[in-house]
Amino acid sequence: MSKTILSAKNLKTHFYTNRGVVKAVNGVNFELSCGECLCLVGESGCGKSVTALSLLRLLDSPPARIVDGKVSYGDIDLVKCPTRQLRQIRGKDIAMIFQEAQSALNPVLSIGNQITEQIKLHEKISRRQARDRALALLEEMGIPSAERVIDAYPHQLSGGMKQRAMIAMSLSCDPQILIADEPTTAVDVTIQAQILEIFRNLRARKQMSFIFITHDLAIVNEIGDRAVVMYGGRDVETAPVSQIINNPRHPYTKGLIACLPDISKTEKRLESIPGNTPNPIELPPGCPFHPRCPKAMEICNRDMPLPITISQGHTVSCHLYT
Ligand SMILES: Nc1ncnc2c1ncn2[C@@H]1O[C@H](COP(=O)(O)OP(=O)(O)O)[C@@H](O)[C@H]1O
Ligand SMILES: [Mg+2]
C-alpha cells in the first residue's frame, strides 16, 4: 500500500444563503495515495467542485463555511492552518485546474506572463528563466508553435489551446498534487481525447498524485486508479475503478453504470436513474439516495448509512450491507 498524501475526513461545507443553508458537501471522506489518480465522480450538483475548492479553502466565506471535518496534507490540517501557510501550498504543492478553467485565465495578460507570474509567486528566479520554463511547459503540452502562443492573449486561442495553457500553468511549480475539475467537459470529443492523453503522459512521466473530477464514468474508466462516487454531498462508494465498473455495490453506482451502454455488461439500453438529485437545502433524512433507490428499505429514510468495508479497498455506505 502506497503512502497517503492527502485525505479528507467528514468534510462538510455549507453555504449560508437567504434561501437557507445549502449543504453542498455534507460528510466527504477519501484518501489520496502517492502517485495515484483518484477520481471524484457523480451527477452535476453532488458537490464535487465544492469539495475540490474546500480542500484549498478557495470558497468565499461568507457564504461558504467549512463546518466540520479535516483535510490532512502531511501533518498539516488545511482546514485549520493559517492562511499564510495555505497560500504557500496553493499552486506550489497542490495545484488546481478549475472547472471554468478557460474563464480563469486573465484576459488582459498574455499566456506567457500568466505562467511566469505564477512561477515568480513561489520561486526566486529571473524573468528569463521563468519564461524559458513557461515555453518548455507549453511545448510539453503539445502546443504547436509554442513560441507564438506564449505571447498570445486568451481570446486568441481555441478552447483546447486554452485548456492546455491552463494545464501548463498548473504544472509550472512542479506540484505534488494536481486537482483537475472536469478538465475535459467544456471541450469537444477530439480535444477531450487529447487532454486525456496529456494526463496519461503526465502520469507516466511525473511522480504526481491526481484528483480527477468528472461526471463521466467512461472517463473514470480510462484515467482513474480508484474512484469515489458522490451523491448528495457525500461519498457513497469508494473502490478501485475496476471494482466500481465491474462490481458496483451501491444502488446509485449500479444506476450510473447502467447509464453506460459501452461498458455495462447487463444493460443494452441507455437508461437514466429515475427521479432528481436532492436539493441540498432540503436533504432528505437518512440516506440521501433513498427517494430514488429501487432497493430502499424502511431504515433508509431514517438513518444515515455508515461506510462499510466489503472487500479490501472497497467501501460502501448503504443499509443493504449492514
Ligand atoms: N456559492 C454558492 N452558493 C450557494 N450554493 C452553491 C454555491 N456554489 C455551489 N452551490 C451548490 O452546491 C451544490 C454542489 O455544487 P458543486 O460542487 O458545484 O456540484 P458539482 O461540481 O458536483 O456539479 C449545488 O447544489 C450548487 O448549487
Ligand atoms: Mg463541478
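The values are calculated or read from the model by the stated rules, or taken from the named source; none is laboratory data. Here the structure is a predicted model, which means the values were calculated and not measured. For neighbour counting, all protein chains shown are included, and Cβ atoms are generated from backbone atoms with ideal geometry for every residue, glycine included. For accessibility, only protein heavy atoms count, side chains too; no ligands or nucleic acids. Shrake-Rupley method; radii C 1.70, N 1.55, O 1.52, S 1.80 Å.
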Next item on the list: Check whether at least one residue in region 194-205 is in contact with a helix residue (DSSP H, G or I) (Cβ under 7 Å, 6 or more places away or on another chain), assigned by TED's automatic domain parsing to the domain that holds residue 297 and within 16 Å of ligand 1 (Cβ to nearest atom), and report yes or no.
Entry: no
Checklist line | Unmet requirement for residue 164, which otherwise passes all of (1) within 14 Å of residue 102 (Cα to Cα); (2) in contact with a Ser or Thr (Cβ under 8 Å, 6 or more places away or on another chain); (3) buried (at least 21 other Cβ atoms within 10 Å of the Cβ) | finding: (2)
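When the residues of region 96-109 are narrowed to those that are in a loop (DSSP other than H, G, I, E, B) and surrounded by fewer than 18 Cβ atoms within 10 Å (Cβ to Cβ), which ends up nearest to the chain's Cα centre (by Cα)? Can you show your working first?
Filtering region 96-109 down to residues in a loop (DSSP other than H, G, I, E, B) leaves 98-100, 105-109.
Next, only the ones that are surrounded by fewer than 18 Cβ atoms within 10 Å (Cβ to Cβ) stay: 100, 106-109.
On the way: 100: 13, 106: 22, 107: 25, 108: 28, 109: 27 Å.
So the residue we want is 100.
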Next item on the list: Would you check which residues across region 83-116 are more than 16 Å from ligand 2 (Cβ to nearest atom), in contact (Cβ under 8 Å) with a residue 60 or more places away in the chain, touching a helix residue (DSSP H, G or I) at 6+ places or on another chain (Cβ under 7 Å) and not charged (D, E, K, R) and list them?
Entry: 91, 95, 105
Next item on the list: May I ask you to list the residues in region 51-95 that are on the phi > 0 side of the Ramachandran plot and open to solvent by 50 Å² or more (accessible area, probe 1.4 Å)?
Entry: 57, 74
Notebook entry, point to check: Restricting the search to region 12-51, which residues are under 24 Å from residue 88 (Cα atoms), more than 8 Å from ligand 1 (Cβ to nearest atom) and among the hydrophobic types (A, V, I, L, M, F, W, C)?
Noted result: 30, 32, 34, 37, 38
Notebook entry, point to check: Looking at 233, 255, 224, which is the one that is of a type outside the set (A, V, I, L, M, F, W, C) and at positive phi?
Noted result: 233
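A quick yes/no check of all residues on (1) away from ligand 2 (no atom under 16 Å from the Cβ); (2) touching a residue at least 12 places away in the same chain (Cβ under 8 Å); (3) farther than 22 Å from residue 49 by Cα; (4) of a type in the set (Gly, Ala, Ser):
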{"position": "168", "(1), (2), (3), (4)": "yes, yes, no, yes"}
{"position": "178", "(1), (2), (3), (4)": "yes, yes, no, no"}
{"position": "181", "(1), (2), (3), (4)": "no, yes, no, no"}
{"position": "198", "(1), (2), (3), (4)": "yes, yes, no, no"}
{"position": "201", "(1), (2), (3), (4)": "yes, no, yes, no"}
{"position": "213", "(1), (2), (3), (4)": "no, yes, no, no"}
Next item on the list: Would you point out the residue of region 167-199, among those that are of a type outside the set (S, T, N, Q), over 16 Å from the mean Cα position of the chain (by Cα) and at pLDDT below 90, that is surrounded by the fewest Cβ atoms within 10 Å (Cβ to Cβ)?
Entry: 189
Next item on the list: Mind listing just one residue for me: the one in region 1-50 that is in contact with a Lys or Arg (Cβ under 7 Å, 6 or more places away or on another chain) and in a loop (DSSP other than H, G, I, E, B) and, of those, most open to solvent (accessible area, probe 1.4 Å)?
Entry: 34
